[in-house]
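First the structure, in the form of structure tokens, and then the observations on it.
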Amino acid sequence: MTLRYRVQLIFAWTLVGVPLAWGVWQVFKKSLDLFR
Amino acid sequence: MQLFSFLDREHTIAKPGFSRWLVPPAALAIHLSIGQAYAFSVFNLPLSRLIGGNESAPNDWKLSTIGWVFSVAIVFLGLSAATFGRWVERVGPRKAMFASALCFSGGFFVAAVGVATHQFALLLLGYGALGGIGLGLGYISPVSTLIKWFPDRPGMATGMAIMGFGGGAMIASPLATLLMARFEHVSPHGVAPTFIAMGALYFAFMMFGVFTVRVPRDEWHPVADREPTAAQRRAESREQPLGNVTAAQAIKTPQFWLLWVMLCVNVTAGIGVLGQASPMIQEMFPGVITAAAAAGFVGLLSLANMAGRFFWSSLSDYIGRKATYATFFLLGAALYALVPSTGHAGSVALFVIGYVIIMSMYGGGFATIPAYLRDMFGTIQVGAIHGRLLTAWSTAGVLGPVLVNYIREYQINHGVAKADAYTVTMYIMAGLLLVGFVCNLRVKRVDERHMVESRDIAPPVPA
């Protein structure tokens, strides 16, 4: 795999991973109320 | 048109050195965006108070009326996926994703005009019809491309994308709340500007998917990232499709309709839990579970739904699609029948664990079906066949809540205690899953007379 595709790969997964992780974290925080 | 030639299939063929691992994030960009649909309910209350402000005015839209927007969107999702499936296969993923982005974002813009001018028809037409077409196109557009890039792991690849649809709501709900708070002073409850902002944001995000997606060259074969395990090899030899079936021919096979019923019952049963999760846990454990804790339970179920999409579809690459669905239906039926008893026994932990597993299988059912279709009908028109199968989802989306609410109401009207009414509903859901189990048992390989040569139907792709 060329360097260009490696960089693109990191960028692509970060771009979709960050909002997804943020969304999951928001729901996870809320779901903790179940155990309080 | 020359201007849009970059959208053509021949301009999306991957160059040597391209990593196939770039395709899942491209697909995720689309599914994370259109998954917003499942968070539409966050707008329900503000939309019902556009005129009244803090309370609904007589001229405000009723909540029951606003509920139609989501229902119409889901119906248009099914209809457009079924209608445009073959077009999507013909033009390739990039053009289909672009059309999806135009419709989905355009739907937001039209809906914003509808909200600003308080015309419900525009809201329904924009978000419901136009946005719904965007949902259908976006949902199926990356499926066959992913299956072609990951012939060794079709379950995992499509599961990853479809997991995005579950995750999309998790992003959209807090995002919409943030945006509405930000624009509160611009317009009533900030709904119209939020629609415009979300339309623009999602369009940009979907464009990333449009420009990143590639289709493999005809002669391309994956270089294995690692040696397949013995279980994977066994599953591959068992599940490998014998040939290709067109979408038109697929719907004439019993296999298609068996899978249709399986998806329909799995979704109906899942909706039965999702729709009632919050009141159910509060009524099962009165005084123990507060409204906030119940909201936490719903959040946990959403996480299980999303995680299940990836987990079960990936597992299906090892144990096979038939075994995966057999697990959904058998384990699901057992859990549906047993979990209410854990509620009566007063065990919150067992109750929650039971429903978390149930919801993971609900998501898993959605995510594993494209790979099951590939096993049955080959890869040539799997996206179009998947599109037609999604009518099962639309049917369950309407049938599920009606069935569940009707059974519950009937029980309560006949003197059954509220907590016990859920038990009966769950037994009926368990019965539905057993129907799915029988259908799954009856799925056999497609008869060779339905199959066609790839070259007869393959879209023209220069090597």
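The values are calculated or read from the model by the stated rules, or taken from the named source; none is laboratory data. Computed from a prediction, not measured in an experiment: that's the story for all the values here. No Cβ is skipped: glycine too gets one built from the backbone with ideal geometry, and neighbour counts run over all protein chains shown.
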(request) Only one of these is β-branched (Val, Ile, Thr) and free of Cβ contacts under 8 Å to residues at least 60 places away in the same chain: B:319, B:353, B:369. Name it. (result) B:353
(request) Pick out, from region B:1-106, the helices (runs of 4 or more DSSP H) lying fully within it that include 1 or more residues that are within 30 Å of residue B:187 (Cβ to Cβ), at pLDDT 90 or above and within 14 Å of chain A (Cβ to nearest Cβ). (result) B:23-34
(request) Taking the options B:110, B:88, name whichever one is under 22 Å from residue B:208 (Cβ atoms) and β-branched (Val, Ile, Thr). (result) B:88
(request) Those residues that are within 12 Å of the chain's Cα centre (by Cα) and more than 7 Å from chain B (Cβ to nearest Cβ), I need them from region A:12-36; list them, please. (result) A:14, A:17, A:18, A:21, A:25
(request) Identify, from the list B:349, B:277, the residue that is surrounded by fewer than 24 Cβ atoms within 10 Å (Cβ to Cβ), at pLDDT below 85 and of a type in the set (A, V, I, L, M). (result) B:277
(request) Give B:325, B:318 a once-over and let me know the one that is more than 16 Å from residue B:166 (Cβ to Cβ), more than 14 Å from every other protein chain (Cβ to nearest Cβ) and modelled with pLDDT under 95. (result) B:318
(request) Confirm whether residue B:354 is crowded, with 24+ Cβ neighbours inside 10 Å and at pLDDT 85 or above. (result) no
(message) Of everything in region B:97-144, what is without any contact (Cβ under 8 Å) to a residue 60 or more places away in the chain and among the aromatic types (Phe, Trp, Tyr)? Give them in sequence order.
(response) B:120
